[in-house]
C-alpha cells in the first residue's frame with residue numbers, strides 16, 4: 001500500500017522532469033531559425049539583440065536615448081554620416097557645395113533612393129525632414145539658429161545659415177537627435193510628440209513594436225547601398241538577415257544568460273563586473289568601444305562651490321585614477337585624460353588643463369581650502385545607484401573629500417529623482433555623470449547652461465570663436481584655449497574616459513561596433 | 001439577499017474613492033519628473049518643461065485628479081506618456097502573461113504540494129515527514145528571485161533545456177508558450193508549494209485522527225481509499241481557501257520573477273512604469289489590482305452569505 005503512494009509521488013516528479021526534458025528536443029526552436037543558405041556556410045535569417053530598456057520613441061529628432069538612436073539608425077538615414085574616423089561623409093547626399101561666405105550649403109541628393117513605402121526620396125522630403133529637425137531638435141535649434149532648408153530642384157537642396165560656422169556637416173552627422181530623412185507626408189502628419197510611423201531609407205525597415213517585449217525590424221529588400229567601402233556608420237550597407245529583434249531585457253543577469261545560451265546574438269550594456277567572466281568564455285566575444293567621459297559637475301550657482309577657489313581646492317585633491325579604478329574595475333576599461341572630447345577624435349584631442357587634472361595633492365588641497373576660508377560647511381554629493389559607475393565614483397570622491405578635511409554627505413536617489421534634484425541648484429554641490437561623447441565642443445553638456453548651470457561669458461565667447469573659426473586648425477586652437485579655461489573656471493572636471501561593453505556570440509561574421517553595434521554587413525552563422 | 005448584495009456593492013464606492021486618492025497622491029508626490037525620465041540624462045531644462053506642458057503635468061494637482069477620476073468613471077484610465085497607447089490597452093496586453101504565469105505557478109505548486117502534504121501527514125512523525133517539512137521550510141525561506149536565478153543558470157545556461165528569458169503568447173503554440181513559463185512558474189510556485197504542502201499536512205492530520213477514518217479502516221476499506229477519498233475530501237476545504245488566497249498573491253508576487261525572466265506581465269509593467277514615472281499607467285495598474293482584490297473579497301463575502309445565512313442576518 002505504501003509503495004503505491006511512493007509510486008504516485010515519484011510519477012509526479014518524473015512527469016515534471018520529463019516535461020523539462022522535452023525542452024531539449026525543441027532546443028532548436030530557440031537557436032535556429034529557418035533556412036538561410038548563403039555561400040558555403042549556413043547562415044541564420046534572424047538576429048536577436050538584447051538591449052537594456054524600451055526606448056520612449058524611435059523618432060530620432062525627439063530623443064537622446066541611446067537605445068532609441070541605435071535602433072532608429074537601422075531604419076533612418078541622414079544626408080551626412082560619420083566614418084570610422086568621426087569625419088562627416090555623404091550618405092543620402094551625394095555632394096555639397098559651400099558658398100564663399102560659408103552661409104549657403106547646396107546639397108546634391110543621391111538619385112533612386114527609395115523609402116520603405118516604395119516612394120522615391122525627393123528634395124521635398126529632405127527639406128520637410130530637415131526643417132522639422134532644425135525646429136524640433138534642441139541641439140539643432142541652438143547650433144543652427146534660424147537655419148532653413150529650401151528646394152532648388154528635385155535633386156538639390158539648399159541650406160541657408162544666419163552666420164557661417166565651421167561645424168555644419170558634422171552637426172548634420174551627429175548621432176544624438178539625428179536629422180532623419182523621412183517622407184514629407186510623414187513629417188506633416190507628425191504631432192508635437194513625434195512621428196506616428198517609422199518610414200526611412202535604411203537597410204532595415206520597421207515592422208512591429210510589441211510594448212515591453214521587442215521591436216522587430218525586417219530587411220529592406222530595395223535598399224540602395226552606396227559604393228564606398230563600409231567605415232563607421234558610412235559606406236556600403238547590406239542586410240544579411242531577414243529579421244532583427246531588439247528585445248528589451250532590463251536585468252543584467254538575464255542578458256548575460258541569454259548571450260551564453262545563444263538566445264541573443266548580441267547583448268548591449270554588459271555590466272563591467274561581468275567583463276572577466278564573459279571574456280573567458282569560448283562562445284562569447286566582448287567588444288569594448290569608446291563609451292564616453294565620466295565627469296564631476298560642480299554647482300557654480302549656489303552654495304559653497306559657487307566660489308571658484310573651493311572648486312580649485314577640491315579638484316587639486318582628487319585622485320582620478322583611484323576613482324576610475326573603483327568605478328570600472330579593470331584598467332582596460334578606462335583611461336586617464338583631461339579632455340572633454342573623445343581622445344580618439346583627433347581634431348579635438350587636447351591635454352589643456354593637465355596641470356590640475358589628477359593632481360591628487362591632498363595637502364595642497366587642504367591649504368587651498370584654508371586659504372579660501374573653508375570652515376567645515378557641509379557639501380552635498382548627489383548620486384543614483386541606478387548607474388553603478390556614477391554611484392561608485394561618488395562614494396570614492398566622498399572619501400577623498402573627507403581626507404581633504406571636507407564635511408561631505410552623499411544623497412542617493414533613484415534615477416528620475418536624481419534628474420529632478422539635479423535641476424534644483426539648492427539641492428546639490430557636486431554630482432558625477434557618465435555621458436556619451438559629443439562630436440563638437442559646443443554640444444558638450446559641460447558648456448550647456450541649462451544642464452548643470454554653467455553660465456560664463458568667456459565660455460560663450462570661446463564657443464562662438466570655435467564655431468566661426470576659418471579653418472579646423474583655428475577651431476582646434478580655440479577649443480584648446482576653452483578647455484584650458486574650463487580647468488581654470490572649473491564648472492566641472494573630467495574624471496576620465498570609459499569603455500562600454502557589448503557581448504556577442506562567436507557566430508557573428510563581419511560584425512563591427514562603432515558607437516553602437518552595426519547590424520548591417522553582419523552575418524549570423526547557424 | 002438582493003438588498004444585502006446592493007449594500008455590499010455600494011459600500012465599495014467609498015473604498016475605491018479613498019484608494020483612488022491614495023494612489024494619485026502617492027504617484028504624484030513621488031519625486032522624479034516623467035518628462036525628464038523620458039528624455040534622459042542629456043535633456044535640457046527647456047525640453048523637460050516643454051514635454052511636461054504637453055503632458056498636462058503643469059496643471060494644479062486637484063485639476064489633474066479631477067481629470068483622471070472623471071476619465072476612470074467613463075472607463076478611460078488615461079494615456080501612457082511613455083508607450084503612447086491607452087492604459088487600458090497596456091493593462092490588457094500585459095494581463096495575459098501574468099495570468100498564464102500565475103495559473104501555471106499554481107498548478108506547479110499543487111502538483112508538488114498536495115502529494116507531499118498527504119504523504120507527510122500519512123507518515124507523520126517519521127524521518128520522511130520531517131525531511132519533507134524541512135524541505136518545505138527551505139522552500140518558504142528561499143526568495144523567488146534567488147530560485148529564479150539558480151534555475152536560469154542550471155536549467156537554462158548549463159543544461160540548455162529551456163530558454164532563459166522572454167515570452168511567446170499561446171497563439172504561437174502550446175509548447176512555445178509553456179517553455180518560456182516553466183522556469184518562472186517553478187520559481188514563483190515554490191513558495192506557494194511550501195505553504196500549501198504544510199497546510200495540506202496540517203489539515204490531513206486533523207482528519208486522519210477523526211473517528212470516521214478509524215471506522216473506515218476497521219471496515220477494511222483499502223488504505224489508499226481511506227486517505228485519498230475519505231480523508232482528503234474532508235481536509236480539502238481549508239486547503240482550497242489557502243489556494244484561493246494564494247492566487248492573488250501569485251498575481252502580484254510575479255513582479256520580481258517577471259523581471260528576471262523578462263516576461264512582459266503586469267509586474268514588469270508596473271516596475272517599468274515606476275522607473276519611467278509613467279503616472280497614468282502606475283495609477284491604472286494599481287487601481288486595477290485593487291479592483292480585483294475588492295471584487296474577490298466581495299465574492300467571498302457574498303459566498304459566505306449564501307453558505308451561511310447567519311452572515312446576512314447579522315449584517316442587516
Legend entry - Subset of the range A:275-323 (residues that are without any contact (Cβ under 8 Å) to a residue 60 or more places away in the chain and more than 22 Å from residue A:390 (Cα to Cα)): A:277, A:279, A:280, A:281, A:306
Legend entry - Residue in the range B:177-185 that is touching a helix residue (DSSP H, G or I) at 6+ places or on another chain (Cβ under 6 Å), more than 13 Å from every other protein chain (Cβ to nearest Cβ) and within 30 Å of residue B:294 (Cβ to Cβ) present: no
Legend entry - Qualifying strands (runs of 3 or more DSSP E) (wholly inside the range A:481-526; at least 3 residues being closer than 23 Å to residue A:330 by Cα and modelled with pLDDT under 95): A:492-505, A:512-514
Inset, instruction - Hey, can you tell me all the residues within the range A:417-430 that are touching a strand residue (DSSP E or B) at 6+ places or on another chain (Cβ under 9 Å) and within 11 Å of chain B (Cβ to nearest Cβ)? - result: A:417, A:418, A:419, A:420, A:421, A:422, A:427
Inset, instruction - Please indicate, with yes or no, whether at least one residue in the range A:219-237 is closer than 30 Å to residue B:263 by Cβ and touching a strand residue (DSSP E or B) at 6+ places or on another chain (Cβ under 8 Å). - result: yes
Inset, instruction - Being in contact with a helix residue (DSSP H, G or I) (Cβ under 9 Å, 6 or more places away or on another chain) and exposed (fewer than 11 other Cβ atoms within 10 Å of the Cβ) is the filter here, so list the residues in the range B:1-22 that pass it. - result: B:1
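Which helices (runs of 4 or more DSSP H) does the range B:27-120 wholly contain that include 1 or more residues that are within 23 Å of residue A:58 (Cβ to Cβ)?
Here the list reads B:34-39, B:45-54.
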Legend entry - Among residues of the range A:353-386, those that are over 16 Å from residue A:495 (Cα atoms) and part of a loop (DSSP other than H, G, I, E, B), counted: 8
Legend entry - Out of B:226, B:221, sole residue that is outside any helix (DSSP H, G or I) and within 14 Å of chain A (Cβ to nearest Cβ): B:221
Inset, instruction - Identify all residues within the range A:110-132 that are touching a strand residue (DSSP E or B) at 6+ places or on another chain (Cβ under 6 Å) and either within 30 Å of residue A:290 (Cβ to Cβ) or buried (at least 22 other Cβ atoms within 10 Å of the Cβ) (or both); write none if there are none. - result: A:110, A:116, A:126, A:130
Inset, instruction - Identify the single condition in (1) surrounded by 20 or more Cβ atoms within 10 Å (Cβ to Cβ); (2) modelled with pLDDT under 95 that residue A:210 does not satisfy, given that it satisfies every other one. - result: (1)
Legend entry - Hits in the range A:313-334 - residues which are within 18 Å of the chain's Cα centre (by Cα) and either outside any helix (DSSP H, G or I) or modelled with pLDDT of 95 or more (or both): A:334
Inset, instruction - Take residue A:128 and decide whether it is within 17 Å of residue A:199 (Cα to Cα), over 27 Å from the mean Cα position of the chain (by Cα) and modelled with pLDDT of 95 or more. - result: no
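Look through B:188, B:149 and report the one residue that is facing chain A (nearest Cβ under 10 Å) and either under 21 Å from the mean Cα position of the chain (by Cα) or within 17 Å of residue B:263 (Cβ to Cβ) (or both).
Exactly one residue qualifies, and that residue is B:149.
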Inset, instruction - Check residue A:411 against each of (1) modelled with pLDDT of 95 or more; (2) within 14 Å of chain B (Cβ to nearest Cβ); (3) crowded, with 21+ Cβ neighbours inside 10 Å and name the one condition it does not meet. - result: (3)
Inset, instruction - Mind listing just one residue for me: the one in the range A:99-109 that is without any contact (Cβ under 8 Å) to a residue 60 or more places away in the chain and surrounded by 13 or more Cβ atoms within 10 Å (Cβ to Cβ) and, of those, farthest from residue A:150 (Cα to Cα)? - result: A:99
Inset, instruction - May I ask you to list pairs of residues, at least six apart or on different chains, whose Cβ atoms are under 9 Å apart, with the first in the range B:172-184 being over 17 Å from residue B:257 (Cβ atoms) and the second being in a helix (DSSP H, G or I)? - result: B:175/A:22; B:175/A:23; B:175/A:29; B:176/A:29; B:176/B:170
Legend entry - Criterion: in a helix (DSSP H, G or I), surrounded by fewer than 19 Cβ atoms within 10 Å (Cβ to Cβ) and modelled with pLDDT of 90 or more - qualifying residue of B:178, B:236, B:145: B:178
Inset, instruction - Give the range B:121-142 a look and list any residue that's within 14 Å of chain A (Cβ to nearest Cβ) and not in a helix (DSSP H, G or I), or say none. - result: B:123, B:124, B:126
Legend entry - Selection status of residue A:48, under 20 Å from residue A:239 (Cα atoms), within 14 Å of chain B (Cβ to nearest Cβ) and either buried (at least 20 other Cβ atoms within 10 Å of the Cβ) or at pLDDT 95 or above (or both): yes
Inset, instruction - Kindly indicate the residue of the range A:68-83 that is assigned to a loop (DSSP other than H, G, I, E, B) and over 27 Å from residue A:243 (Cβ atoms) and also modelled with the lowest pLDDT among those meeting that condition. - result: A:83
Inset, instruction - Kindly provide the set of residues from the range A:449-467 that are out of contact with any helix residue (DSSP H, G or I) (no Cβ under 9 Å at 6 or more places or on another chain) and within 11 Å of chain B (Cβ to nearest Cβ), ordered by number. - result: A:453
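Among the residues in the range A:292-300, are any touching a strand residue (DSSP E or B) at 6+ places or on another chain (Cβ under 8 Å), assigned to a loop (DSSP other than H, G, I, E, B) and at negative phi? Before the answer, list the steps.
To start, the set of residues in the range A:292-300 that are touching a strand residue (DSSP E or B) at 6+ places or on another chain (Cβ under 8 Å) comprises A:292-299.
From what's left, assigned to a loop (DSSP other than H, G, I, E, B): A:299.
Adding the requirement that they be at negative phi leaves A:299.
Yes: the range A:292-300 contains one or more residues that are touching a strand residue (DSSP E or B) at 6+ places or on another chain (Cβ under 8 Å), assigned to a loop (DSSP other than H, G, I, E, B) and at negative phi.
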Legend entry - Scope the range A:432-448; condition touching a helix residue (DSSP H, G or I) at 6+ places or on another chain (Cβ under 6 Å), more than 10 Å from chain B (Cβ to nearest Cβ) and either at positive phi or not in a loop (DSSP other than H, G, I, E, B) (or both); matching residues: A:432, A:441, A:442, A:447
Legend entry - Condition check for residue A:286: within 30 Å of residue B:90 (Cβ to Cβ), more than 14 Å from chain B (Cβ to nearest Cβ) and either outside any loop (DSSP other than H, G, I, E, B) or under 20 Å from the mean Cα position of the chain (by Cα) (or both): no
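The values are calculated or read from the model by the stated rules, or taken from the named source; none is laboratory data. Just so we're clear, the structure is a prediction, and the values are computed from it rather than from any experiment. Neighbour counts run over all protein chains shown; Cβ positions are idealised from the backbone, glycine included.
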